[in-house]
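Trainee: Would you mind keeping the following structure in view while I ask a few things?
The values are calculated or read from the model by the stated rules, or taken from the named source; none is laboratory data. Only a predicted model underlies this, so the values are computations on that prediction, with no experimental measurement involved. Here the Cβ positions follow ideal geometry from the backbone for every residue, glycine too, while neighbour counts run over all protein chains shown.
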Amino acid sequence: MDGMESELQYESPLDPAVGERHRWLAGLLAARPGELVADLGCGDGVTLDVLAGQVGDGLVVGLDTAEAALRLAARRHGAGRAGRVALAHADLRARLPLEDGSLDGVVCHNVLESLPDPDGFLREVHRVLRPGGRLVLSHPDYDTMVFTGGCRATGRGAGS
């Protein structure tokens, strides 16, 4: 990795809750074999792992505005998921590069609050979801995460 990518972290890979949170979010989407689903704001691709396992011969599309994040996601999915994970650079503040009604499901984690027009983004998600399509939209509750952290001084970690 180049210097910029080695410093790029969306969530700490050392935090065991990160993987659990992404598995939980993907589970909420309940993607099924053969479906076409997307992770909008996929970052380095953690949620894509779980979604790819759920869709079987379907396809998972990861879109992000950060080229460095997409390079990390491409490294993560370069082996073993060929043909089931597609990555693309996309400006999530504009029209999504997806066809109307093309997606069975969308996961979007920790993105909406950073967009200048959240309503416009949600209209775009609605446009690309097929009738009956599913959306899992989330943002972490950082206050609760502090309470459940391992630091005795600031939370309810082990031994406190």
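Trainee: For the list (1) within 14 Å of the chain's Cα centre (by Cα); (2) part of a strand (DSSP E or B), I need the number of the one condition that Cys42 fails.
Mentor: (2)
Trainee: Could you list all residues from region 102-136 that are surrounded by 12 or more Cβ atoms within 10 Å (Cβ to Cβ), small (Gly, Ala, Ser) and at pLDDT 95 or above?
Mentor: Correct list: Ser102, Gly105, Gly120, Gly133.
Trainee: Give region 38-81 a look and list any residue that's of a type in the set (D, E, K, R), within 24 Å of Leu115 (Cβ to Cβ) and surrounded by fewer than 23 Cβ atoms within 10 Å (Cβ to Cβ), or say none.
Mentor: Correct list: Glu67, Arg71.
Trainee: Is it the case that some residue within region 31-44 is touching a Lys or Arg at 6+ places or on another chain (Cβ under 8 Å) and under 17 Å from Arg134 (Cβ atoms)?
Mentor: No; the residues of region 31-44 include none that is touching a Lys or Arg at 6+ places or on another chain (Cβ under 8 Å) and under 17 Å from Arg134 (Cβ atoms).
Trainee: A follow-up question, please. Return the residue satisfying two criteria in turn: it lies in region 1-53 and is closer than 19 Å to Leu63 by Cβ and acidic (Asp, Glu), and of such residues it is modelled with the lowest pLDDT.
Mentor: Glu5
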